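Notes for the one structure printed next.
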Amino acid sequence: MNHESSSAPSSESALSQLVEKACEHWDARRQAATVQRDLPRTSPPFTVALSREVGTQGTTVAKEVGKLLGWPVYDHGLVEKIAQDMGLRTSLLESVDERQQSTLLETAEAFLSAPMKGDWGPLVTESGYIHHLVKTVLALGVHGECVIVGRGAVFILPAATTVRVRLVGPVRERIAVLSQNLGISEREAARQVRTMDRERTDFVQDFFQQNPTDPQNYDLVLNASRLSVAPNAELIVETLHRLQARALEKNTVKQSS
């Protein structure tokens, strides 16, 4: 479509800037880990993983969460770029604390070995890409203190250290949002909503054997049409803080016992 082709150069430029920021973030985290290597860790770092229906302003909400927390946001486009670019993924993996690298790789291999046992049949297809994607998301999760949008992060990252969020909304309102955001007719927006909703559901079901519409897969399900971006982001941050406090309490009890 014309509006997509005309915006491609600026999108690519914005993606490059985000990649550069991401690399700086990983390097800073690696240096911090080196300095704090001998300090006791009170609790593992958390990550926010956000799943969303089309037209619920998922990336906008994620950016607001990132702004409130001072965390980087990895939307689906940036995660795919990292996963597909070996140089970037290598940089990401190298920036993980040495003590956590073996755990990360063991988790990835355990996750990816499931298809060989017949449990995750469709995952075998496009296995190279999925291997890169899973290791990328897991590495981001090990770093923690970031927001990841889409790409099955909810189903890859451990529930114990992840705030798993789902944004939903009435179809009519999501169509209106997409129509306004893309400057297209509501008829075309309706077609795109149907297509993209189906593609996102198929992606999760095919590769992770999970139902992305099942509320039991999430810690927080928000009807994005009921509140504006800022209040939705604030609810996510509040949930994060409550889960962090709970994890800290459990860790304190464990250390004292």
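When the stretch 160-173 is filtered for residues that are assigned to a helix (DSSP H, G or I) and touching a residue at least 60 places away in the same chain (Cβ under 8 Å), the ones remaining, listed by number, are Ala160, Thr161, Glu173.
Yes or no, residue by residue, for (1) closer than 21 Å to Phe46 by Cβ; (2) outside any helix (DSSP H, G or I); (3) touching a helix residue (DSSP H, G or I) at 6+ places or on another chain (Cβ under 7 Å); (4) touching a residue at least 40 places away in the same chain (Cβ under 8 Å):
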position: Glu199; (1), (2), (3), (4): no, no, no, no
position: Phe203; (1), (2), (3), (4): no, no, no, yes
position: Asp206; (1), (2), (3), (4): no, no, yes, yes
position: Arg226; (1), (2), (3), (4): no, yes, no, no
position: Asn232; (1), (2), (3), (4): yes, no, yes, yes
position: Ile236; (1), (2), (3), (4): yes, no, yes, yes
position: Arg242; (1), (2), (3), (4): yes, no, no, no
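Residues in the stretch 129-169 that are small (Gly, Ala, Ser) and crowded, with 22+ Cβ neighbours inside 10 Å: Ala139, Gly141, Gly150, Gly152, Ala153.
On the stretch given as the stretch 182-197, residues that are among the polar types (S, T, N, Q) and either surrounded by 14 or more Cβ atoms within 10 Å (Cβ to Cβ) or touching a residue at least 12 places away in the same chain (Cβ under 8 Å) (or both) total 1.
Please find, within the stretch 223-239, the residue that is nearest to the chain's Cα centre (by Cα) out of those that are farther than 16 Å from Thr162 by Cβ and crowded, with 17+ Cβ neighbours inside 10 Å. Out of the qualifying residues, it is Ala233.
If you go through the stretch 42-90 and pick out every residue that is at pLDDT below 90, of a type in the set (Gly, Ala, Ser) and touching a helix residue (DSSP H, G or I) at 6+ places or on another chain (Cβ under 7 Å), you end up with 3.
If the condition is being in contact with a helix residue (DSSP H, G or I) (Cβ under 7 Å, 6 or more places away or on another chain), modelled with pLDDT of 85 or more and not in a helix (DSSP H, G or I), then the stretch 128-157 contributes Cys146, Val147, Ile148, Val149, Gly150, Gly152, Leu157.
The values are calculated or read from the model by the stated rules, or taken from the named source; none is laboratory data. Note that the structure is predicted; figures quoted are calculated from it, not measured. All Cβ positions, glycine included, derive from the backbone under ideal geometry; neighbour counts span all protein chains shown.
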